[in-house]
Amino acid sequence: MGETPLEPVPASAGDLLPITAVIDGAGHLRLAGCDVVALCREYGTPLYLYDEATIRQICRDYRREFGERLPGARVLYAAKAFLNPALAALLAEEDVGMDVVSGGELYVARAGGFPADRMAFHGNNKSAAELAAAIDAGVGRIIVDNEHELDGLERIAAARGVRQAVMLRVTPGIDAHTHAKTTTGLVDSKFGLPLVSGAAEAAVVRLRDSASLELTGYHVHLGSPIFGMEPYEAGIEVMTEFAAAMRDRHGVTWREFSPGGGFALGYTPDRPPPPIAAYAEAIATALRAGCERHGLPLPEVHIEPGRSVVGRAGVAVYTVGARKEIPGVRTYVAVDGGMADNVRPAMYGSAYTAVVANRMRDAAEETVAIAGKFCESGDVLIDAIALPRLAPGDLVALPASGAYNLAMESNYNQAQRPPVVFLRDGVARLVRRRQSYADLVALEAAP
Ligand SMILES: *Cc1c(COP(=O)(O)O)cnc(C)c1O
């Protein structure tokens, strides 16, 4: 036997899969030097694989592209896209910060040893207990969303005798041109202090006079995913104007500014995301222009990518089971996962592509729908995709499954949550085992 020849995955799927993806001599998908077919045999399916090199590379790309253009720029990973202790530990090594949105995310991040001073705490309805936990942990920034939160925060910080650094989340009234459920910058949004109503300005005045809270700057998050640069440019224009007005009217200047996250991820070959450099260039250019126009100092920029940091690294692998051919209508090929591990197609109509992990060299022969196994007609992962003729036991792998899949997972139909395996340099590390049937009743009282 000679050396197994490895070849790259064709660009159509290769740009969506982890950067380490190759096809081996047996026609199997390999990630980080690991045979995906062998991993499925070992851990079963559905299986979530994460390529560590992809996550690390993207963190470095963000730090470099933004850091070169905006000295002192900081990258905060938005943990809601996907979080476990293993990821928190990996990200701590990559020297990025982290956005958390709940006491639970704060807890899990710290369980991975992630330093609290590199965290920013977000959320539109943080509880008093969450605010207290954040302050006690030493969270670097709390992103204030509304007046109610400001009341609680002042009380809690004052009682502890600390001065907590905060940023104000402002709703600029900008349409990010994304899905209605994921746009957040409009005036009619549950997030943030509206600029037009004067609520944002009132909060600035209140913070200027606060002994227990220190305002470091402003934050906007417009939505996700954002494929064009216009929403960021428009948001920055509005926010530099606001920052100048706060300086002129109230003597408050900014040191920090966050244009949020929402940077796009490639899910299907027909819609590639802009390169990170394009976002960095657009944001830096708009910010420098706005600061110059208004005579403002250039603030330290905090960017908050979530989806785009972990999305490409993650691959979901399923085993093919039943097949249903409806002549003249559609052929459904059912897999052993679906909306319990990936609700995005059912919730947002999100599009995905797929490869057959055990037959990467086989040509497409038919167009099928990839159906999930859960009891909803809407549980279809892919409406129509051209693939080799699938047989029971074939392994269907969906690229770009790393963000907001497991983060939104459920036990619907009493599904057991899938295992998570991190891959690095030919080594597979089980970071979460599959739930067992016993786990399904572990929290229940005995009848
Ligand atoms: C969700 C969110 C992000 C990250 O969005 P992505 O699309 O995952 O990049 C960043 N900042 C805030 C405040 C968010 O709510």
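Summary table below
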{"item": "Verdict on residue 41 being assigned to a helix (DSSP H, G or I), among the charged types (D, E, K, R) and either away from the ligand (no atom under 16 Å from the Cβ) or touching a strand residue (DSSP E or B) at 6+ places or on another chain (Cβ under 8 Å) (or both)", "result": "yes"}
{"item": "All positions within the stretch 327-350 that are part of a strand (DSSP E or B) and over 28 Å from residue 84 (Cβ atoms)", "result": "330, 331, 332, 333, 334"}
{"item": "Residue tally, condition surrounded by fewer than 17 Cβ atoms within 10 Å (Cβ to Cβ) and in contact (Cβ under 8 Å) with a residue 60 or more places away in the chain, over the stretch 352-388", "result": "2"}
{"item": "Matching option when the condition is within 17 Å of residue 300 (Cβ to Cβ), more than 16 Å from the ligand (Cβ to nearest atom) and open to solvent by less than 30 Å² (accessible area, probe 1.4 Å), among 70, 76, 49, 90", "result": "70"}
{"item": "Candidate set from the stretch 182-220 (those that are of a type in the set (A, V, I, L, M) and open to solvent by less than 10 Å² (accessible area, probe 1.4 Å)); member that is farthest from residue 232 (Cα to Cα)", "result": "213"}
{"item": "Complete set of residues in the stretch 1-18 that are part of a loop (DSSP other than H, G, I, E, B) and either charged (D, E, K, R) or surrounded by fewer than 17 Cβ atoms within 10 Å (Cβ to Cβ) (or both)", "result": "1, 2, 3, 4, 5, 6, 10, 15"}
{"item": "Test: residue in the stretch 56-66 that is under 23 Å from residue 341 (Cβ atoms), open to solvent by less than 70 Å² (accessible area, probe 1.4 Å) and assigned to a helix (DSSP H, G or I)", "result": "yes"}
{"item": "Of all residues in the stretch 302-313 being more than 6 Å from the ligand (Cβ to nearest atom) and within 30 Å of residue 244 (Cβ to Cβ), the one that is surrounded by the most Cβ atoms within 10 Å (Cβ to Cβ)", "result": "303"}
{"item": "Residues that are farther than 20 Å from residue 209 by Cβ, more than 12 Å from the ligand (Cβ to nearest atom) and in contact (Cβ under 8 Å) with a residue 40 or more places away in the chain, drawn from the stretch 163-180", "result": "172, 173, 174, 175, 177"}
{"item": "Answer residue from the stretch 262-274, given it is over 15 Å from the mean Cα position of the chain (by Cα) and touching a residue at least 12 places away in the same chain (Cβ under 8 Å) and is farthest from the ligand (Cβ to nearest atom) among those", "result": "269"}
{"item": "From 225, 299, 259, residue being crowded, with 18+ Cβ neighbours inside 10 Å, within 15 Å of the ligand (Cβ to nearest atom) and under 28 Å from residue 131 (Cα atoms)", "result": "259"}
{"item": "Residue list for the stretch 249-261, filter: under 26 Å from the mean Cα position of the chain (by Cα) and small (Gly, Ala, Ser)", "result": "258, 260, 261"}
{"item": "Top-ranked residue in the stretch 103-122 [being open to solvent by less than 20 Å² (accessible area, probe 1.4 Å) and either in contact (Cβ under 8 Å) with a residue 60 or more places away in the chain or of a type outside the set (A, V, I, L, M) (or both); ranked as nearest to the ligand (Cβ to nearest atom)]", "result": "122"}
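The values are calculated or read from the model by the stated rules, or taken from the named source; none is laboratory data. Keep in mind it's a predicted model, so treat the numbers as computed, not measured. Backbone-built Cβ (ideal geometry, glycine too); neighbour counts: all protein chains shown. Each accessible area value is taken on the protein alone, full model and side chains, heavy atoms only, with ligands, DNA and RNA left out. Shrake-Rupley method; radii C 1.70, N 1.55, O 1.52, S 1.80 Å.
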